1. Report whether or not residue 239 is without any contact (Cβ under 8 Å) to a residue 12 or more places away in the chain, outside the structural domain of residue 160 (by TED's automatic domain parsing) and under 30 Å from residue 140 (Cβ atoms).
2. Please work out which one of (1) over 22 Å from residue 112 (Cβ atoms); (2) out of contact with any strand residue (DSSP E or B) (no Cβ under 8 Å at 6 or more places or on another chain) is the condition residue 144 fails and give its number.
3. Could you tell me which of the residues 16, 2, 58 is touching a helix residue (DSSP H, G or I) at 6+ places or on another chain (Cβ under 7 Å), modelled with pLDDT of 95 or more and either assigned to a strand (DSSP E or B) or surrounded by 17 or more Cβ atoms within 10 Å (Cβ to Cβ) (or both)?
4. Applying the selection to region 177-190, what residues are farther than 25 Å from residue 261 by Cβ and either outside the structural domain of residue 124 (by TED's automatic domain parsing) or in contact with a helix residue (DSSP H, G or I) (Cβ under 6 Å, 6 or more places away or on another chain) (or both)?
5. Can you pull out the residues in region 292-330 that are within 15 Å of residue 281 (Cβ to Cβ) and touching a helix residue (DSSP H, G or I) at 6+ places or on another chain (Cβ under 6 Å)?
6. Considering only residues that are in contact with a strand residue (DSSP E or B) (Cβ under 7 Å, 6 or more places away or on another chain) and more than 14 Å from residue 238 (Cβ to Cβ), look in region 149-161 and name the one that is surrounded by the most Cβ atoms within 10 Å (Cβ to Cβ).
7. So, in region 138-180, exactly how many residues are more than 18 Å from the chain's Cα centre (by Cα) and without any contact (Cβ under 8 Å) to a residue 60 or more places away in the chain?
8. Yes or no: residue 303 at pLDDT 95 or above, part of a helix (DSSP H, G or I) and surrounded by 16 or more Cβ atoms within 10 Å (Cβ to Cβ)?
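The values are calculated or read from the model by the stated rules, or taken from the named source; none is laboratory data. Keep in mind that this is a model prediction, so the values were computed, not measured. Heads up, the Cβs are rebuilt from the backbone with ideal geometry, glycines too, and the neighbour counts pull from every protein chain shown.
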């Protein structure tokens, strides 16, 4: 996923390590370097950053390299450098909806910063960097008297993450408000419409190595007091139904085409409170996994496998995970 700074001599220098997405098992001391072509912008890169500090569940090993690009130019430079070395790229946003391998990932992880985390209003459009928090974007929209983004109050992530998975809640999702998104790759950068992104229920066609650096949301005029009231009501519903005061990554599985939601299905399987290691299925909502005490990603993955198995055996439903995997993680096949 990107560039890697490795010290081979007493002074600092940047070199690239060839490799793919495999586990980065060796624990390394964090080192610092700078990435970028000669004469261009230079981007600080750290090695061995623990992903447990950047995921809401609080699990995950180290990233081969970690950078906070603050501009489109810096993102493009990091992507090209990564491609030259055969490394992959992923973004972490605010760390929700992510499950990172305990052994770490042999890749560059990006956390968008600076102008890529900024939000501004232009008439009825909200222009937001991929690293902008949904909460910040919603605040700016309300202050400008723009409605349509209220559903995002229930999504504790970023604009880029919302586009990536077509995040949604309470009847709304990004496909309903997104006008276009600026996506950067090692081969170039361009604007894509929702149709070109392939947005559908909790899905887009985007893959690792494609970075949502900016989005334009088309909203509509609405009284700020009405927006505030709806957000208050949605937040109250969320707090009553979900473990908002616990460390989770968000919803575990997508809702299936079934009369029961994923949460109700798993509750019917008797899984509320079920625990493996330091992770447990939330006693409050069965489609959430909590870090009860010192959880590892392996614990959460084992819970997911058990939940899928029971749902399939008892109801014939094959649940699909909503959480994004970072590193060599997979669920065992059903059968």
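1. Taking the combined requirement at face value, the residue satisfies it.
2. (2)
3. Result: 58 is the single residue among 16, 2, 58 that is touching a helix residue (DSSP H, G or I) at 6+ places or on another chain (Cβ under 7 Å), modelled with pLDDT of 95 or more and either assigned to a strand (DSSP E or B) or surrounded by 17 or more Cβ atoms within 10 Å (Cβ to Cβ) (or both).
4. 181, 184, 186
5. 307, 311, 319
6. Across region 149-161, the extreme among qualifying residues is 159.
7. Residues that pass the stated criteria total 9.
8. yes
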